[in-house]
1. Name every residue in the stretch 307-334 that is open to solvent by 40 Å² or more (accessible area, probe 1.4 Å), within 30 Å of the chain's Cα centre (by Cα) and touching a residue at least 24 places away in the same chain (Cβ under 8 Å), in order of residue number.
2. In the stretch 270-311, which residues are of a type in the set (F, W, Y) and in a helix (DSSP H, G or I)?
3. Taking interchain pairs and intrachain pairs at least six residues apart, which have beta carbon atoms under 7 angstrom, with the first residue in the stretch 90-106 and open to solvent by less than 80 Å² (accessible area, probe 1.4 Å) and the second part of a helix (DSSP H, G or I) and at pLDDT below 85?
4. Only residues that are at pLDDT 90 or above and loosely packed, with under 14 Cβ neighbours inside 10 Å: list them for the stretch 250-278, please.
5. Where in the stretch 319-366 are the helices (runs of 4 or more DSSP H), entirely inside, with at least 1 residues that are in contact with a helix residue (DSSP H, G or I) (Cβ under 8 Å, 6 or more places away or on another chain) and within 22 Å of R120 (Cα to Cα)?
6. Filter the stretch 218-242 down to the residues that are open to solvent by less than 70 Å² (accessible area, probe 1.4 Å), farther than 16 Å from T127 by Cα and among the β-branched types (V, I, T) and list them by number.
Amino acid sequence: MLSVRDFWRRHRRKVFVTVGVLGSGYLLYKLYGAQRHGVQELERELAVQRETEDLMKAQMQAHFENIQKMSDVTLPHAMHELSCRITEELDLSHLLERLIQGKGQPNTLTQSEKLDLWSRLKILSFTRMTLSVWATTMLSLYTKVQVNILGRHLYIDTARSLGISDSVESGDVVDREDQKKFLDNIDFLSQHGMPALISDMEAATKEVLKGKQLSTFFNSTTLHETIMQILNSFMSMGTPNSWIKYMIPEDVRPYSTTYGSDDPVPFDMTEFEQLMMEAWAVLSSAEFGSIVEISLKAVVDTLVELMGTKFSGGSVAGGLPLARVLPQVAQMCPLLLEEPSKNQFIQIIKNIQEVELFFTLLYANMPHA
C-alpha cells in the first residue's frame, strides 16, 4: 500500500497541473464575472443616458413648438401692421387723383405743377417699393433670429430641469411672458422705426433717381440696378449697422461686441434685456450682413422677374419709359406685403441655402453647451 509520501512523489506533477488548471479556471470565472458586471453597469448607464436624452429631446421639441407657434402668430401680425403703416404713410392716391384731374381738366394744373406731381410720384413709388422689399426681408430674417435665440435659452432651461446643468452655462430661466415680449419686439419697426426708415429710404431714392427723367427708358436690367442702388445707398447711410435702429430700440447695446463670447452677463440685466442684447449682437454681425445682402438680391430678382411677366400691354421685360413703369411699381407693393402664408417673397428667403446654413450654424455656435 502506497504511503502518502510515495503518492505525492509519484503524482505531484499531476497535482500541480490540476491545481493550476482549477486556479486558472477560477480566476477566469472571476474575471468574466467582473467583466459581465461592468458591461451590465455600462448598459444601465447608457440606457439612463438614452432615456435622459429622449426626455430632453421631447421637452425641447414641446418648448420649441410653443415658441414656433408664438412666432407664427407674431410675423403675420407684424406684416399686417407693416402693410397698414406703409399704406398710410406712403399713400399715392392723392397724387394720382390730382394727375388724373389735371388730365381731364387741362387748365387746373400748370406745367410746373404737373412736373412736380410726377416727380413726387416717381420718388414715392420707388420709396414705397424699396422700403417694402427691405422691411419684408428684415422681418422675415429677424423672426428667425428671435426663434434661434429663444432656442438657445430653451436648451439651457431644459438641461437644468433634467439635472444636467453642470454641462451648460448658468443663467436665469426665460419665462413665457419674457418670450412673448421678446417676440412682440418685431412690431418695433412699424410702431416706432417707420418715420426714420421712410425718411432715410426716401433720401436714398432721391439720390439714385435724381438723374432719371420720366422719359428715361427702363427695362428689367435697368429696374433691377435702380432698386439695388437704392437699397445699397440706404444700407450704407450713417455708421455701420445704423439700420438696426429701425428694428431695435437705440438704448439696447450688447454687453459684448462679439456674439457668444464668454464675457459675463451684467448682474442687473433682466432676462428680456439679455434677449434683446443677444438679438442686437446677431444683427450687427458681419455674417448676418452677408445674409441680408443675399436675401435682398433674391427678393429683387423675383420682383423684377414677376414684373416682367405680370403686366399685359407692355412690361419692363421689353422696356418702357419710366412714366409707364411707375404704375407697375406701385402695384407690386401689396404683393410684397402679403401675409406670410401667401407671400412668395418670404418663401424665397426661407429657401435660400445660405440663409438655412447661417441659422443652422448660428444655433450650433451659440454658447449652450
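The values are calculated or read from the model by the stated rules, or taken from the named source; none is laboratory data. Keep in mind the model is a prediction, meaning the values are calculated, not measured. Cβ coordinates were reconstructed from backbone atoms using ideal geometry, including for glycine residues, and neighbour counts include every protein chain displayed. When the accessible area is computed, the model is the full protein with side chains, heavy atoms only, and any ligands, DNA or RNA have been set aside. Shrake-Rupley method; radii C 1.70, N 1.55, O 1.52, S 1.80 Å.
1. Scanning the stretch 307-334 gives a single hit, P334.
2. Taking the stretch 270-311 first, the residues of a type in the set (F, W, Y) are 272, 280, 288, 311.
Across the stretch 270-311, the qualifying residues are F272, W280, F288.
3. Every condition considered, the pairs that remain are G102/T108.
4. Matches in the stretch 250-278: none.
5. Working: elements: 322-336, 344-350, 353-365.
Output list reads 322-336.
6. T222
Here is a yes/no grid of residues against (1) under 30 Å from F272 (Cα atoms); (2) in contact with a strand residue (DSSP E or B) (Cβ under 8 Å, 6 or more places away or on another chain); (3) open to solvent by 20 Å² or more (accessible area, probe 1.4 Å):
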site: T74; (1), (2), (3): yes, no, no
site: L82; (1), (2), (3): yes, no, no
site: T87; (1), (2), (3): no, no, yes
site: F126; (1), (2), (3): no, no, no
site: T136; (1), (2), (3): yes, no, no
site: Q146; (1), (2), (3): yes, no, no
